[in-house]
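Asks: For reference, the structure I am asking about is given below.
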Amino acid sequence: MIAPAAAILGMGLATPTYSARQPQTTALALAATLEDPSQAALVAGLYSRAGVDRRGSVLLRSETGDGHGPDQSVFPSSTGEHWPTTADRMRVFDQHATGLALEAARRALADAGVLPGQITDLLTVSCTGLSSPGVDVSLMTGLPMAADVRRVNIGFMGCHGAIVALRTAADLVASGMSSGGRERRVLVVCTELCSLHLQRTSRVDQHVSNALFADGCAAAVIGAATPRNALRIVGSSSMLFAGSEAAMGWHIGDHGFSMSLDRSVPALLERSLEAWIWPWLRSHLGNAAGADDVRWAIHPGGPRVLDAVAQSLGLDDAHVRESRAVLRDHGNMSSPTVLFIANRHRARRDDRRPIALLAFGPGLSGEATLLAVGADEV
């Protein structure tokens, strides 16, 4: 029997009710995150060059003007006050993650025309919150889904977690019917509350993370491909870059989760991507395939990362326009971000080119997936 081709049947996005402009988050950073006051000008410059205009956070209680810091109560307004512990932050995650996850999931199900009771498998993704029972159980009871739904939690894989979930979902669909004899339909939900992990620090890489990250959720329903305008999952590829283990990390500490990000990451990507991505893409698209034959959904780890990817793969500003737009409008939301970018491409119904998803995570590792529109051949 020929295995069914898997496709994204529907997508749904959710962001927090309130967002802050970058001058507001800069004000908080300068007031509360500096262990070394002499770094004030450096940190202000990092925020101004981050490529982020606005970003959502579950911590915000209202919108405030740029002349003020963000209206929130979790982080202190000066360095002399209590800095929240990891337990403090996980309590906030438990309070807010389910609401965003349910909102995105309901939108994805409605977009796909799939009922919650038709879901056979649930894949939840997060590297910013850990609890059990957690978002997965809350989704099952809140939608609600059948009690025999098979759950997989994909944790701590960083910004490429959504692509890991998509390829896992595609494998489940290709495996055929579920144990109950139902057609397999998989719900993927990526929920990240990155703003919970603001760091008080003197490390430049952690200030860079503070300047970039934000909150958001993206969901997708994956099932057997149909002739409708679904996004067929053509293939995926993974790469652990040699000798890169110290380049990027994500660690649980006493005061939240902290990122380590070596300044060598952009250069490492610039010299490594071409030899990985183009042979993989051309194995699907043909040896003559070039940058204009694909729409690019590249995770915007930051402006320098996008620049490095573009340089390595021979892309111009137009190829990374959607990535920069999502970074500008939402910040780096970790795993959901690449689905926000893919959804912007999907909205352009007149463009039938395939979409290449590309993201990076601790390791340093990369994940890529190729999507084709509807029944178009690739």
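The values are calculated or read from the model by the stated rules, or taken from the named source; none is laboratory data. Everything numeric here is computed off the predicted structure, so don't read it as measured data. Here the Cβ is made from the backbone with ideal geometry for all residues, glycine too, and neighbour counts use every protein chain on show.
Asks: In the set 135, 164, 149, 125, which member is surrounded by 18 or more Cβ atoms within 10 Å (Cβ to Cβ), modelled with pLDDT of 95 or more, over 26 Å from residue 16 (Cβ atoms) and of a type in the set (A, V, I, L, M)?
Replies: Criteria check complete, one pass: 149.
Asks: Report yes if residue 324 is out of contact with any Asp or Glu (no Cβ under 9 Å at 6 or more places or on another chain), among the charged types (D, E, K, R) and touching a residue at least 12 places away in the same chain (Cβ under 8 Å), otherwise no.
Replies: no
Asks: Within the stretch 253-273, how many residues turn out to be outside any strand (DSSP E or B), under 20 Å from the mean Cα position of the chain (by Cα) and either basic (Lys, Arg) or surrounded by 21 or more Cβ atoms within 10 Å (Cβ to Cβ) (or both)?
Replies: Number satisfying all stated conditions: 3.
Asks: Quick one: which of 101, 41 is of a type outside the set (D, E, K, R), more than 15 Å from residue 214 (Cβ to Cβ), modelled with pLDDT of 95 or more and exposed (fewer than 13 other Cβ atoms within 10 Å of the Cβ)?
Replies: 41 is the lone residue from the list that is of a type outside the set (D, E, K, R), more than 15 Å from residue 214 (Cβ to Cβ), modelled with pLDDT of 95 or more and exposed (fewer than 13 other Cβ atoms within 10 Å of the Cβ).
Asks: Do we have residue 318 as of a type in the set (A, V, I, L, M) and surrounded by fewer than 24 Cβ atoms within 10 Å (Cβ to Cβ) here?
Replies: Yes: the conditions hold for residue 318.
Asks: List pairs: first in the stretch 273-300 and under 20 Å from residue 348 (Cβ atoms) and in contact (Cβ under 8 Å) with a residue 24 or more places away in the chain, second among the basic types (Lys, Arg) and part of a loop (DSSP other than H, G, I, E, B), Cβ under 7 Å, 6+ apart or cross-chain?
Replies: 293/353; 294/353; 295/353
Asks: Among the residues of the stretch 44-90, which ones are surrounded by 14 or more Cβ atoms within 10 Å (Cβ to Cβ), among the charged types (D, E, K, R) and modelled with pLDDT of 95 or more?
Replies: The answer is 53, 54, 55, 88, 89.
Asks: To continue, here is another question. Do you know which of the residues in the stretch 330-349 that are modelled with pLDDT under 95 and of a type in the set (D, E, K, R) is nearest to residue 300 (Cα to Cα)?
Replies: The extreme case among them is 346.
Asks: Going by what's in this entry, would residue 339 be described as surrounded by fewer than 24 Cβ atoms within 10 Å (Cβ to Cβ) and outside any loop (DSSP other than H, G, I, E, B)?
Replies: no
Asks: If you scan the stretch 342-378, which residues turn out to be part of a loop (DSSP other than H, G, I, E, B) and of a type in the set (A, V, I, L, M, F, W, C)?
Replies: If the condition is that a residue be part of a loop (DSSP other than H, G, I, E, B) and of a type in the set (A, V, I, L, M, F, W, C), then 347, 364, 375, 378 are the ones that fit.
Asks: Would you mind stating whether residue 136 is under 27 Å from residue 176 (Cβ atoms) and not aromatic (Phe, Trp, Tyr)?
Replies: Working: under 27 Å from residue 176 (Cβ atoms): yes; not aromatic (Phe, Trp, Tyr): yes.
So residue 136 fits the description; yes.
Every residue, every condition in (1) touching a Phe, Trp or Tyr at 6+ places or on another chain (Cβ under 6 Å); (2) among the polar types (S, T, N, Q); (3) at pLDDT below 95, yes or no:
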site	(1), (2), (3)
313	no, no, no
317	no, no, no
325	no, no, no
328	no, no, no
351	no, no, yes
364	yes, no, yes
375	no, no, yes
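Asks: Search the stretch 128-142 for residues being part of a helix (DSSP H, G or I) and hydroxyl-bearing (Ser, Thr, Tyr), and hand back the single one that is farthest from the chain's Cα centre (by Cα).
Replies: The residue in question is 141.
Asks: For the structure I just gave you, tell me whether residue 213 is crowded, with 24+ Cβ neighbours inside 10 Å and aromatic (Phe, Trp, Tyr).
Replies: So residue 213 passes the test.
Asks: Which of the residues spanning the stretch 224-252 are under 18 Å from the mean Cα position of the chain (by Cα), surrounded by fewer than 17 Cβ atoms within 10 Å (Cβ to Cβ) and hydroxyl-bearing (Ser, Thr, Tyr)?
Replies: 238
Asks: Check residue 219 against each of (1) farther than 24 Å from residue 128 by Cα; (2) in a strand (DSSP E or B) and name the one condition it does not meet.
Replies: The failed condition is (1).
Asks: If only one of 323, 334 is part of a loop (DSSP other than H, G, I, E, B), in contact with a strand residue (DSSP E or B) (Cβ under 8 Å, 6 or more places away or on another chain) and not aromatic (Phe, Trp, Tyr), which one is it?
Replies: 334
Asks: So which residues in the stretch 274-310 are more than 20 Å from the chain's Cα centre (by Cα) and not in a helix (DSSP H, G or I), if there are any at all?
Replies: Answer for the stretch 274-310, where residues must be more than 20 Å from the chain's Cα centre (by Cα) and not in a helix (DSSP H, G or I): 286, 287, 288, 289, 290, 294.
Asks: Within the stretch 84-127, how many residues are without any contact (Cβ under 8 Å) to a residue 12 or more places away in the chain, assigned to a helix (DSSP H, G or I) and within 18 Å of residue 12 (Cα to Cα)?
Replies: 1
Asks: Can you tell me which residues in the stretch 144-201 are closer than 16 Å to residue 217 by Cβ, among the hydroxyl-bearing types (Ser, Thr, Tyr) and in a strand (DSSP E or B)?
Replies: Selection gives 191 alone.
Asks: Given the condition surrounded by fewer than 19 Cβ atoms within 10 Å (Cβ to Cβ) and assigned to a helix (DSSP H, G or I), answer yes or no: does some residue in the stretch 16-24 qualify?
Replies: Yes, some residue in the stretch 16-24 is surrounded by fewer than 19 Cβ atoms within 10 Å (Cβ to Cβ) and assigned to a helix (DSSP H, G or I).
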